[in-house]
Amino acid sequence: MTATGARAASSKATVDYYDKLGVTKIINAAGTYTALTASIMPPSVQAAVMEAAQHPVRLQELQHAAGEYLAKRLQCEAALVTAGAASGLTLATAACVTRGDTAAIEKIPVDMTGLKNEVIVQKAHRNDYDHALLNCGVRFVEVETLADYERAFTDKTAMTHFFNAAEHGSISREDWIRVAHSHNVPCLNDAAADVPPISNLWNYTKMGFDLVAFSGGKGMRGPQNAGLLLGRKELIDQAVKNAMPISATVGRGMKVAKEEIVGMVAAVDWFLSQTDEGMEAEFTARANRISDHLKSIPSLKARIVIPPIANRIPHLVMTYDQAKVKIAPKDVADALRHGKPCIELNPSTGHRNANGVTGDEDAIVVGVWMLQPGEDMIVAQRLHEVLSQATA
Ligand SMILES: *Cc1c(COP(=O)(O)O)cnc(C)c1O
């Protein structure tokens with residue numbers, strides 16, 4: 001089937017299962033949040049998924065071919081399509097722990113006898129996704145200063161871990177890599193939400209990180225249960241040995257189906273056909289259309305904020321005098337959530353100092369980048385209704 005054929009077939013689908021199940025469709029004015037299903041695949045990616053669904057193939061042949069193609073396009077030694085960034089973190093850890101000891105693959109995480117099981121991390125980089133590493137039976141060794149870090153390496157050190165978007169932590173990426181490599185220890189970087197810029201897909205591997213994990217369903221708009229693990233061939237090969245479809249592995253439950261592998265490759269093709277300037281201009285235009293529509297709301301001030309690392313795209317941030325517009329931003333979010341159509345605003349709304357966007361202010365935040373064509377004006381109209389109703 002051609003891509004056009006696949007689109008035609010998808011538009012002919014007779015059953016809307018969201019309606020059948022009574023599930024509310026939302027307008028995503030939040031961003032690439034996992035619980036809001038993160039992103040919508042662009043038409044070319046949806047078509048590639050549909051096309052892949054038509055034919056059985058050998059899964060490992062597809063896994064291998066996709067990896068080689070992605071490594072070339074993303075300028076790294078090797079690549080693996082994972083079941084999301086979190087799965088990439090688990091497989092990366094499994095690779096480092098079982099490196100040079102293939103028999104260990106079947107033993108982790110329960111029997112760590114004789115295996116390196118320590119992961120060095122900056123205390124300020126600890127986060128909820130650490131569980132993805134712990135799944136391999138490792139323990140974290142926390143450091144704060146460069147001197148701590150230099151002293152932390154032992155014969156049990158399997159790897160070091162860096163949280164790319166961490167807001168704190170005193171050790172730079174360059175020092176982090178240099179010291180680890182002086183001990184012959186590989187470095188993993190969790191850069192899950194850190195595109196755009198597009199070049200981040202190769203910046204961190206080129207910088208020297210041995211393994212870098214990205215989420216496929218966030219800024220790249222691939223299938224939500226796909227991701228990329230990029231890096232050194234020896235380690236990616238070892239990650240593959242810890243992954244599905246091999247059954248006696250920690251990775252067996254993180255299956256990536258043919259539709260997602262193909263969808264991830266198509267999403268990378270789509271993403272590389274974009275430009276940072278084009279995306280920024282489009283998202284800025286959406287933000288401006290919304291704020292222009294709200295010009296008549298008394299005291300309302302709008303600005304565009306681009307967070308430094310994760311979700312580095314224009315967000316619309318709006319504040320107003322709550323003595324004049326008598327509704328708190330968090331209540332605006334509730335009104336839009338419970339209205340028709342259902343709109344989810346960015347979760348930084350009503351939270352000071354949230355996600356690098358609100359500063360010290362109680363603000364409405366619109367994450368414009370996951371809006372579908374035309375939805376910016378629906379959001380603008382709903383905001384106008386709710387805010388003007390609250391104006392004395
Ligand atoms: C979203 C995210 C993940 C998980 O990504 P998935 O693709 O959903 O598995 C991991 N780490 C960070 C920092 C993230 O933001």
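Bear in mind that the values in this text are calculations on the coordinates, not laboratory data. What you see is a predicted model, and the numbers here were worked out from it, not measured in a lab. In this analysis, Cβ positions are derived from the backbone assuming ideal geometry, glycine residues included, and neighbour counts consider all displayed protein chains.
Taking every pair of Cα atoms in the chain, average 1/r, invert it to obtain the Kirkwood radius, and report Rg/Rh to two decimals.
On the way: Rg = 22.6 Å, Rh = 22.4 Å.
Rg/Rh for the chain comes to 1.01.
Just subtract the alpha-carbon distance of Gln274 and Leu59 from 0.36 nm times their residue separation and send over the number in nm, one decimal.
Values: separation 215, 0.36 × 215 = 77.40 nm, distance 2.92 nm.
Extra length available between Gln274 and Leu59 comes to 74.5 nm.
Enter the angle in degrees (range 0 to 90, nearest 10) between the Cα long axis of helix 43-52 and the first principal axis of the Cα atoms of the chain, meaning the one along which they spread out most.
Approximately 40 degrees, to the nearest ten.
Tell me the mean residue ellipticity at 222 nm calculated for the chain from its helices only (DSSP H runs of n ≥ 4, each -39500 (n - 2.57), averaged over every residue, nearest 500). Don't jump to the answer; show the numbers that get you there.
Values: 14 runs with 148 residues, N = 392.
Helix-only estimate at 222 nm: -11500 deg cm²/dmol.
So in the chain, what percent of DSSP beta bridges are antiparallel if you round to the nearest 5? Could you put the intermediate results ahead of the total?
Numbers: 20 of 41 bridges.
Of the beta bridges lying entirely in the chain, close to 50 percent run antiparallel.
Could you let me know the centre-to-centre spacing of the stretch 317-391 and the stretch 105-121, using Cα atoms, in angstrom?
If we compute the Cα centre of each part, the gap is 47 Å.
Please go through the stretch 87-127 and write out the trypsin sites (Lys or Arg not before Pro) that DSSP classes as loop and that have at most 15 other C-beta atoms within 10 Å. Kindly include the intermediate steps, with their values, before the conclusion.
Values: sites: Arg99, Lys107, Lys116, Lys123, Arg126; in loops: Arg99, Lys107, Lys116, Arg126.
When the trypsin sites (Lys or Arg not before Pro) of the stretch 87-127 are filtered for loop state and at most 15 Cβ neighbours within 10 Å, Arg126 remain.
For a quick check: sort Trp270, Trp369 by the number of other beta carbons within 10 angstrom, fewest at the front. Please list the in-between numbers first.
Values: Trp270 18, Trp369 25.
Final ranking by Cβ density, sparse to dense: Trp270, Trp369.
Taking Cα atoms of the stretch 43-272, Rg/Rh with Kirkwood Rh, to two decimals? Don't skip to the end; give the middle numbers.
Numbers: Rg = 16.9 Å, Rh = 17.5 Å.
Reported Rg/Rh (Cα atoms, Kirkwood Rh): 0.96.
Hey, how much of the P(r) for the stretch 242-287 falls beyond 12 Å, as a percent of Cα pairs? Write down the numbers at each step before the final one.
On the way: 734 of 1035 pairs.
Tail fraction, whole percent: 71.
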